[in-house]
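So the structure is just underneath, and the comments pick up after that.
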Amino acid sequence: MATATAQTTSVDAVIVGAGFAGMYMLHRLRGLGLAAQVFEAGSGVGGTWFWNRYPGARVDIRSLEYSFSFSPELEDEWRWSERYAPQAELLRYAEHVADRFDLRRNISLNTRVTAAHYDAAAQRWDVRTDDGTTVSARYVIMATGCLSVPTDVDFAGIADFAGRIYRTSQWPHEGVDFSGQRVGIIGTGSSAIQSIPIIAAQASQLTVFQRTPNYSVPAHNGPLAPEEVADWTANRTAYRAAIKLTPGGFFNEPRETLTFDEPPEAQIAELERRWAIGGFQILGAYADMGIDPVANKVTADFAAAKIRALVEDPAVADLLTPKDYPFATKRLCVDSNYYATFNRNNVRLVDLKATPIECITPAGIRTMTKDSGGEDFSFDAIVLATGFDAMTGALDRIDIRGRDGVRLKDRWAHGPQTYLGLMVAGFPNLFTITGPGSPSVLSNMLTSIEQHVDWIADCLDHLARHQQASIEASPEAEAAWVDHVNDIASQTLYPQANSWYMGANVPGKPRQFLPYAGGVGVYREHCDGIAARGYEGFVLQSAAA
Ligand code: FAD
Ligand code: N01
């Protein structure tokens, strides 16, 4: 068995990324007696919660559920303060996990993996990092994150801006004080929707540049009630088991009821009830919300009425109301005071569909209209809340070459192809945690991360017990899974939105619905069944002579 120390050049497994996925993977591999080394580009663990420190950043799945379930001791000793924990607390939790399970001794921080090349004769991967290290590994596990690479936004003139530019996803660790400043924010996705109310309360002026409005539901966040904690603690085992079989990997009381099974007044009452609870409860209201456009419109109209009620200026309310895609087909946002923020007299909304950004000037942002000159805005600071090259971005940025030197990026030139979102044909012993083709970003990611890590760990254990040196998806199984993923997606309304789920936010990225929309519980059954049938659809090989 190889050993893993800072000087090691040969390990059983390299894990890329030290977010929740990479850390739990390391813990499981250690439990199997495997030597693993984690490389993390950031200077700390925690992934998403290390990088995204913008004001208002917090989870939008209940913290009790968005947390690891693999260790009862960890669950017993950790206390969440709020229903939806803020970023700083989530980062403390990630750091606690690293310390509690003594993970840091096998995590190299400030180290970016730049390449991974498969050596078919040796049945091993050669992994290279940006500090010149080369490591040979039997297995490579990509825990690189689905939302870890910001999109490249290259507004003309951006380098000439005289003020400060901040990205929500690379926020300064010391925080930013916007007091007395004129601030412009570009984007109205989840990151912007969380940060806008807080920046608005601090800044002298906030101008929000919106290209596409998003649907957002209230979080109704607050301190975690002792009775909620007591109930969770008493029933945790049953809750955790049930969560694994839900569609989204968390509880939102999903019903079988179809929208038009109920009269309009009952529909409104049900949607009101869920709006009052807050968060993703609304998604569980009707089973046909995600598949039937007419049914979906009932919820969309309900949400539009809420926006009209919350925003005093009808013209602003109208601009904030999505019109060209069904409800929740772009990632639903969960907010604290977002819509009411537009009632403040220091906040202005700019519609980029009518007046696109022409350039960034030394003083601020210039927009343009079709017929006449643009408007100049002056800012002390600009916030880019412009999103991520989701699901494939981090993998694309590593030079990954499988059998016969085939590059993963080329293999995926027309969109990612995977078997279960876990492996790619032609890339033996390379695993992707929450990869494209798995429920991933459509779910509570902690549920999906644990499921993938456990599946991979069990798979490696199986290989060891059966004296197998490699596992690889067969092209046929991969093609069938891709068909299945596409088939399920085509039965939903998701493809109707220009979303990052579809790769639509990155110019030139192939249009393909990236995650698996069949649900976490159904997906788990697929994975478990495939493993139980001797890793059906995978080719296992013993060590080469
Ligand atoms: P990440 O946390 O993204 O970690 C991946 C790590 O890999 C990063 O630290 C990155 O630096 C590192 N890395 C990438 N490439 C390389 C490389 N080449 N070399 C070395 N290191 C590399 N999900 C939910 O379920 N609920 C939520 O409420 C929720 N809120 C979110 C809020 C924000 C602001 C964002 C951005 C995402 C949110 N997500 C949420 C999704 C979130 O990404 C996951 O919940 C989860 O944290 C992902 O963990 P991970 O370990 O898979 O990836
Ligand atoms: O990114 P986004 P995000 N000019 O892609 C706009 C998770 N998350 O960081 O919609 C002008 O959603 C873009 O406009 P459009 C969650 O999964 C969760 O906010 O493409 N505008 C959009 O408005 C989420 O979905 C939480 O037309 C430009 C915005 O920028 C995912 O991370 C919090 C532009 C980007 O929105 C990503 O969220 C934060 C341009 N050139 C994140 N380019 C929770 O609440 C982009 N935009 C838990």
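Report whether or not residue 22 is open to solvent by less than 50 Å² (accessible area, probe 1.4 Å) and either more than 11 Å from ligand 1 (Cβ to nearest atom) or not polar (S, T, N, Q) (or both). Spelling it out, residue 22 is indeed open to solvent by less than 50 Å² (accessible area, probe 1.4 Å) and either more than 11 Å from ligand 1 (Cβ to nearest atom) or not polar (S, T, N, Q) (or both). Using the structure shown, decide if residue 386 is of a type outside the set (Asp, Glu), within 16 Å of ligand 1 (Cβ to nearest atom) and part of a loop (DSSP other than H, G, I, E, B). For residue 386, the condition - of a type outside the set (Asp, Glu), within 16 Å of ligand 1 (Cβ to nearest atom) and part of a loop (DSSP other than H, G, I, E, B) - is met.
Per the listing 492, 447, the residue uniquely open to solvent by 10 Å² or more (accessible area, probe 1.4 Å) and touching a Lys or Arg at 6+ places or on another chain (Cβ under 7 Å) is 447.
Report whether or not residue 66 is over 30 Å from residue 387 (Cα atoms), crowded, with 17+ Cβ neighbours inside 10 Å and in contact (Cβ under 8 Å) with a residue 24 or more places away in the chain.
On the way: over 30 Å from residue 387 (Cα atoms): no; crowded, with 17+ Cβ neighbours inside 10 Å: yes; in contact (Cβ under 8 Å) with a residue 24 or more places away in the chain: yes.
No.
Across the range 387-417, which residue is surrounded by the fewest Cβ atoms within 10 Å (Cβ to Cβ) among those that are over 18 Å from the mean Cα position of the chain (by Cα) and of a type in the set (Val, Ile, Thr)? So the residue we want is 406. Being within 16 Å of ligand 2 (Cβ to nearest atom), touching a Pro at 6+ places or on another chain (Cβ under 8 Å) and part of a loop (DSSP other than H, G, I, E, B) is a condition met by no residue of the range 402-410. Highlighted here are the helices (runs of 4 or more DSSP H) found entirely within the range 5-109 that include at least 3 residues which are touching a Lys or Arg at 6+ places or on another chain (Cβ under 9 Å): 72-77, 87-100.
Mind telling me which of the residues 67, 71, 63, 43 ends up being within 16 Å of ligand 2 (Cβ to nearest atom), polar (S, T, N, Q) and more than 24 Å from residue 198 (Cα to Cα)?
Numbers: 71 fails: within 16 Å of ligand 2 (Cβ to nearest atom); 63 fails: more than 24 Å from residue 198 (Cα to Cα); 43 fails: within 16 Å of ligand 2 (Cβ to nearest atom).
Within the list 67, 71, 63, 43, the selection yields 67.
Out of everything in the range 42-68 that is more than 8 Å from ligand 1 (Cβ to nearest atom) and small (Gly, Ala, Ser), what residue ends up being farthest from residue 78 (Cα to Cα)? Looking at residues that are more than 8 Å from ligand 1 (Cβ to nearest atom) and small (Gly, Ala, Ser), I get 43.
If you take the residues in the range 195-229 that are within 20 Å of residue 59 (Cβ to Cβ), open to solvent by less than 40 Å² (accessible area, probe 1.4 Å) and touching a Pro at 6+ places or on another chain (Cβ under 8 Å), which one is farthest from ligand 2 (Cβ to nearest atom)? Filtering first and then ranking leaves 199. One residue alone among 95, 77, 73 is away from ligand 1 (no atom under 12 Å from the Cβ), closer than 24 Å to residue 170 by Cβ and open to solvent by 50 Å² or more (accessible area, probe 1.4 Å), and that residue is 95.
Going by what's in this entry, would residue 153 be described as of a type in the set (A, V, I, L, M) and at pLDDT below 95? Walk me through how you get there before you give the answer.
Details: of a type in the set (A, V, I, L, M): yes; at pLDDT below 95: yes.
Yes, satisfied.
The number of residues in the range 385-397 being in contact with a helix residue (DSSP H, G or I) (Cβ under 8 Å, 6 or more places away or on another chain), more than 8 Å from ligand 2 (Cβ to nearest atom) and among the aliphatic types (A, V, I, L, M) comes to 2.
Select, from 83, 112, 100, the only residue that is open to solvent by 50 Å² or more (accessible area, probe 1.4 Å) and either within 13 Å of ligand 1 (Cβ to nearest atom) or at pLDDT below 95 (or both). Outline the logic, then answer.
Values: 83 fails: open to solvent by 50 Å² or more (accessible area, probe 1.4 Å); 100 fails: either within 13 Å of ligand 1 (Cβ to nearest atom) or at pLDDT below 95 (or both).
Result: 112 is the single residue among 83, 112, 100 that is open to solvent by 50 Å² or more (accessible area, probe 1.4 Å) and either within 13 Å of ligand 1 (Cβ to nearest atom) or at pLDDT below 95 (or both).
Scanning the range 291-320 for residues that are open to solvent by 40 Å² or more (accessible area, probe 1.4 Å) and not charged (D, E, K, R) turns up 291, 293, 294, 305, 309, 310, 314, 315, 319.
Which residue is surrounded by the most Cβ atoms within 10 Å (Cβ to Cβ), if the candidates are limited to the range 270-279 and must be closer than 14 Å to residue 84 by Cα and touching a Lys or Arg at 6+ places or on another chain (Cβ under 9 Å)?
Step one: of the range 270-279, the residues closer than 14 Å to residue 84 by Cα are 277-279.
Filter once more, so that each one left must be touching a Lys or Arg at 6+ places or on another chain (Cβ under 9 Å): 278-279.
Numbers: 278: 20, 279: 22.
The qualifying residue surrounded by the most Cβ atoms within 10 Å (Cβ to Cβ) is 279.
Taken over the range 155-178, the criterion of being more than 16 Å from ligand 1 (Cβ to nearest atom), in contact with a helix residue (DSSP H, G or I) (Cβ under 8 Å, 6 or more places away or on another chain) and of a type in the set (Phe, Trp, Tyr) is satisfied by 178 alone.
Of the residues examined, residue 479 is one that is over 30 Å from residue 35 (Cβ atoms) and of a type outside the set (Asp, Glu). Filtering 511, 524, 533 for residues that are surrounded by 15 or more Cβ atoms within 10 Å (Cβ to Cβ), among the charged types (D, E, K, R) and more than 17 Å from the chain's Cα centre (by Cα) leaves a single hit, 524.
Close Cβ contacts (under 7 Å, 6 or more residues apart or on different chains) running from residues in the range 436-458 that are over 18 Å from residue 58 (Cα atoms) and touching a residue at least 12 places away in the same chain (Cβ under 8 Å) to residues that are within 8 Å of ligand 1 (Cβ to nearest atom) and among the aromatic types (Phe, Trp, Tyr) comprise 449/20.
The values are calculated or read from the model by the stated rules, or taken from the named source; none is laboratory data. Because the structure is predicted, anything quoted here is derived from the model rather than measured. Cβ: placed from backbone, ideal geometry, glycine included. Neighbour counts: every protein chain shown. Areas reflect the complete protein model, heavy atoms only, side chains present, ligands, DNA and RNA absent. Shrake-Rupley method; radii C 1.70, N 1.55, O 1.52, S 1.80 Å.
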